[in-house]
Amino acid sequence: MNRAPGMADPLIRMQQLRKVYRKKAGGKTEEFLAVSDVSMDIRQGDMVSLVGPSGCGKSTLLKILAGLHGHDGGTLQIGGGQAFDAGRDIGMVFQQPVLLKWRTILDNVLLPADILGLDRKAAKARAHELLEMVGLTGFADKLPYELSGGMQQRAAIARALVHDPKLVLMDEPFGALDALTREKMNLEMLRIWEETGKTFVVVTHSIQEAVFLGTHCAVLTAGPARMADFFPIDLPAPRRLHLKTSPEFGGYVRRVYDLLGVE
Ligand SMILES: Nc1ncnc2c1ncn2[C@@H]1O[C@H](COP(=O)(O)OP(=O)(O)OP(=O)(O)O)[C@@H](O)[C@H]1O
């Protein structure tokens with residue numbers, strides 16, 4: 001795991017973060033508390049998994065980090081004391097790859113660089129490097145429909161990295177994949193994270209996936225919305241699938257089950 005030397009402040013600091021959705025209905029304003037009392041420090045190079053049941057506010061939290069939503073209480077500092085521009089410094093991966101079907105895989109990967117107006121030649125060289133990193137060498141000129149779901153999601157990961165963001169936000173990136181492809185993608189993602197040294201925040205419904213991927217895990221609950229815990233996951237690196245059969249892994253999984261009240 002790479003950490004910037006001398007970087008004292010965390011890349012992200014959330015303190016008692018709170019988000020209320022408001023809706024006007026029949027002359028009244030209805031309020032819904034979606035995120036409550038979320039506090040955590042995320043350091044550069046961390047891989048943080050956000051886990052919790054449907055509706056507990058994981059996506060809302062990610063949208064707040066991405067600058068797509070404001071928050072109603074608490075504080076959020078991003079950048080570790082350095083300038084931080086959400087458009088430039090964040091890469092996003094969604095549950096579906098959302099590739100533009102008329103653009104080649106290379107041109108899809110280049111999309112953020114095009115939007116930001118980055119030098120096309122340099123961006124193209126980086127896009128080719130990233131395609132190699134995600135195992136898609138030779139697919140640059142294909143159209144999305146010519147790739148499997150897992151391959152498309154790997155292209156989406158390359159797209160999230162092409163503008164060299166400081167922070168990568170992933171919202172259930174492997175939720176649409178079959179179980180075996182998902183396990184392979186977990187390993188791929190850990191390798192990409194190791195190679196890039198970037199900070200990743202990953203939303204998942206899967207407790208096993210949260211424990212397997214994370215250097216840290218944030219557990220959120222719904223009804224009431226709150227953060228139940230945030231803790232480091234001290235498992236040996238590099239993580240391999242057989243780790244899932246170890247008592248240490250089982251201990252972390254059990255801790256999350258207990259926090260979520262799952263029997
Ligand atoms: N734009 C919105 N306006 C009003 N309520 C919203 C809005 N977005 C989300 N909510 C509500 O806030 C709560 C948290 O939603 P969010 O999408 O963050 O949950 P989640 O944990 O990501 O769920 P899932 O795992 O099912 O995607 C839910 O009860 C949802 O109905």
Fill in: Residue satisfying condition, being assigned by TED's automatic domain parsing to the domain that holds E195 and either within 16 Å of the ligand (Cβ to nearest atom) or surrounded by fewer than 19 Cβ atoms within 10 Å (Cβ to Cβ) (or both), within set G45, G80, G57
G57
Item to complete: Return the residue satisfying two criteria in turn: it lies in segment 214-260 and is aliphatic (A, V, I, L, M) and away from the ligand (no atom under 16 Å from the Cβ), and of such residues it is farthest from the chain's Cα centre (by Cα).
Response: L243
Worksheet item: Do we have any residue at all in segment 232-247 that's closer than 27 Å to V98 by Cβ, of a type in the set (S, T, Y) and surrounded by fewer than 20 Cβ atoms within 10 Å (Cβ to Cβ)?
Response: no
Worksheet item: Applying the selection to segment 19-63, what residues are in contact with a Lys or Arg (Cβ under 7 Å, 6 or more places away or on another chain) and β-branched (V, I, T)?
Response: T29, V35, T60
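Here are some residues: G91, G150, G138, G117. Which one is closer than 21 Å to M185 by Cβ, away from the ligand (no atom under 16 Å from the Cβ) and free of Cβ contacts under 8 Å to residues at least 24 places away in the same chain? Lay out the reasoning, then the answer.
On the way: G91 fails: free of Cβ contacts under 8 Å to residues at least 24 places away in the same chain; G150 fails: free of Cβ contacts under 8 Å to residues at least 24 places away in the same chain; G117 fails: closer than 21 Å to M185 by Cβ.
From the options G91, G150, G138, G117, the qualifying one is G138.
Within the group A25, A34, which residue is within 15 Å of the ligand (Cβ to nearest atom), of a type in the set (A, V, I, L, M) and modelled with pLDDT under 90?
Values: A34 fails: modelled with pLDDT under 90.
None of the other options fit; the residue is A25.
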Worksheet item: Within segment 60-77, restricting attention to residues that are in contact (Cβ under 8 Å) with a residue 40 or more places away in the chain and near the ligand (Cβ under 9 Å from one of its atoms), which residue is farthest from H216 (Cα to Cα)?
Response: H69
Discussion item. Of everything in segment 83-110, what is under 21 Å from W193 (Cα atoms), among the aliphatic types (A, V, I, L, M) and surrounded by fewer than 18 Cβ atoms within 10 Å (Cβ to Cβ)? Give them in sequence order.
Written reply: A86
Item to complete: Collect the residues in segment 87-120 that are closer than 27 Å to S206 by Cβ and under 19 Å from the mean Cα position of the chain (by Cα), keeping them in residue-number order.
Response: I90, G91, M92, V93, F94, Q95, Q96, P97, V98, L99, V109
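Out of segment 121-135, which residues are surrounded by 12 or more Cβ atoms within 10 Å (Cβ to Cβ) and either without any contact (Cβ under 8 Å) to a residue 12 or more places away in the chain or more than 23 Å from L190 (Cα to Cα) (or both)?
Residues satisfying the conditions are A123, K124, E129, E132.
With L131, L99 as the choices, which residue is part of a loop (DSSP other than H, G, I, E, B) and away from the ligand (no atom under 16 Å from the Cβ)?
Details: L131 fails: part of a loop (DSSP other than H, G, I, E, B).
The conditions single out L99.
The values are calculated or read from the model by the stated rules, or taken from the named source; none is laboratory data. All values reported here derive from a predicted model rather than from experimental measurement. Reconstructed Cβ throughout: ideal geometry from the backbone, glycine too, with neighbour counts over all protein chains shown.
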